[in-house]
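The next block holds one structure in the form of structure tokens; read it before the comments.
The values are calculated or read from the model by the stated rules, or taken from the named source; none is laboratory data. Quick caveat: nothing in here was measured; it's all calculated off a predicted structure. Glycine also receives a Cβ, built like all others from the backbone with ideal geometry; neighbour counts cover every protein chain displayed. The protein model used for the area step is the full one, side chains on, heavy atoms only, and it has no ligands, DNA or RNA in it. Shrake-Rupley method; radii C 1.70, N 1.55, O 1.52, S 1.80 Å.
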Amino acid sequence: MNETSAVPTAPLRARAEIDLGALRANVRALRARAEGAYLMAVVKSDAYGHGAVPCARAALEAGATWLGTATPEEALALRAAGLPGRIMCWLWVPGGPWRQAIEADLDVSVSGMWALREVTAAAREAGRPARVQLKADTGLGRNGCQPADWPELVGAALEAEAAGLIRVTGLWSHFACADEPGHPSIAAQLTRFREMVAHAEERGVEPEVRHIANSPATLTLPESHFDLVRTGIAMYGISPSPELGTPADFGLRPVMTLSASLALVKRVPGGQGVSYGHHYVTPGETTLGLVPLGYADGIPRHASGGGPVLVEGKWRTVAGRVAMDQFVVDLGGDEPEPGTRAVLFGPGDGGEPTAEDWAQVCGTIAYEIVTRIGTRVPRVHLNG
């Protein structure tokens, strides 16, 4: 990924501009909402498509005290890039790089006995204790230890701690429906989490941090903040759910702006079929603009016929199907020069669409829109 402090002067086919100043401001706004709790900046999936290393650095500069990733490989890459402090990773499979994680001073998550066995074996090999966080399944039904199995896992973890093989640094869980205000599972999960934490602490676990709050809970559920909040999508200036409010409602600003240079502008007659399948046919004489981005770059094929694009101050929509490398917009007779900037999404305050606008067209969530932007699109990091 490109990491620069200014937009290159040479034209690019396409670029994703990443405003690190906006990211730092978002982190500060989120910290203010969770006053008294540490903040974990979640930079999994290449920081939701924004570039993990520069975004992690910016988040730490703004006061984040933890970094979080899904896979251990992502966490190890951050450490190899020189990122300091606490880094946690939670998506493990048998045979994972436990020893490397221990030697890199990562905090690793354990959801079951198989993982505890593997991390303790790795700690013996490494000759140093592993930092382990026990994950409770409080109702999401995904990763995490079921309540019925929790006493066994806690007991075994305490035995491993007494043997000097691990240090239990955290107890944590994840919400299923925090982005749906008032959903009954929210209160039920909070109650279950408190019960499972209480059991562990009564047995003798002394965690540094207890945490369950993701982005929506950070924004709307202060009772869920405990010692640490984990902010992912909100850190990048995207609302976790339109029902909760817009980014501006929470003092957040979208960080990514995706744009491309028009590759061709041409006049065509009425009745001209456009792109595969001719699902769009021009209603009369018009001009077409060719945008050199396609589903190989992460532009959803589901945006065919509806994805919004700003060209010279006017909203246009994808005309016909999105192809692998390109799509077309009907310019309605306007004739911008080839090379004119077409903005697919950004903060929205310049009149451009937002990632949420694309999500609505595609019947998905804005998380998917930003994370799917592929590696052919260079990230240009601004305000670094």
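The set of residues in region 332-345 that are touching an Asp or Glu at 6+ places or on another chain (Cβ under 7 Å) and under 16 Å from residue 304 (Cα atoms) contains only 345.
Residue 39 fulfils the conditions (1) at pLDDT 95 or above; (2) more than 24 Å from residue 372 (Cβ to Cβ); (3) open to solvent by 10 Å² or more (accessible area, probe 1.4 Å); (4) not in a helix (DSSP H, G or I) except for a single criterion, (3).
Contact map, region 106-130: residues that are within 17 Å of residue 93 (Cα to Cα) and open to solvent by 20 Å² or more (accessible area, probe 1.4 Å) paired with residues that are part of a helix (DSSP H, G or I) and modelled with pLDDT of 95 or more, Cβ distance under 8 Å, separation 6+ or inter-chain. Pairs shown: 113/149; 113/152; 113/153; 113/156; 118/98; 121/98.
Taken across region 12-22, residues that are open to solvent by 10 Å² or more (accessible area, probe 1.4 Å) and under 24 Å from residue 173 (Cα atoms) do not occur at all.
Looking at region 153-170, is at least one residue within 29 Å of the chain's Cα centre (by Cα), of a type in the set (Gly, Ala, Ser), under 26 Å from residue 371 (Cβ atoms) and open to solvent by 20 Å² or more (accessible area, probe 1.4 Å)? The answer is no; no qualifying residue exists.
Residues in region 183-217 that are under 28 Å from the mean Cα position of the chain (by Cα) and open to solvent by 20 Å² or more (accessible area, probe 1.4 Å): 183, 184, 185, 187, 188, 191, 192, 194, 207, 208, 210, 214. Residue count for region 204-258, restricted to those that are of a type in the set (D, E, K, R) and within 21 Å of residue 370 (Cβ to Cβ): 4.
Among residues of region 349-360 that are closer than 14 Å to residue 238 by Cα, those with a beta-carbon under 8 Å from a residue that is aromatic (Phe, Trp, Tyr) and open to solvent by 50 Å² or more (accessible area, probe 1.4 Å) at least six positions away or on a different chain give the pairs 353/315. Restricted to strands (runs of 3 or more DSSP E) entirely inside region 218-302, those with at least 2 residues that are farther than 25 Å from residue 177 by Cα and over 20 Å from the mean Cα position of the chain (by Cα) are 256-261, 264-268, 286-291.
Condition test on residue 75, is it in contact with a Cys (Cβ under 8 Å, 6 or more places away or on another chain) and either outside any helix (DSSP H, G or I) or modelled with pLDDT under 95 (or both)? Against the criterion (in contact with a Cys (Cβ under 8 Å, 6 or more places away or on another chain) and either outside any helix (DSSP H, G or I) or modelled with pLDDT under 95 (or both)), residue 75 does not qualify. Residues that are buried (at least 23 other Cβ atoms within 10 Å of the Cβ) and touching a Ser or Thr at 6+ places or on another chain (Cβ under 6 Å) within region 44-79 comprise 48, 49, 75, listed in sequence order. Residues in region 317-331 that are open to solvent by 10 Å² or more (accessible area, probe 1.4 Å), within 12 Å of residue 304 (Cβ to Cβ) and in a strand (DSSP E or B): 317, 328.
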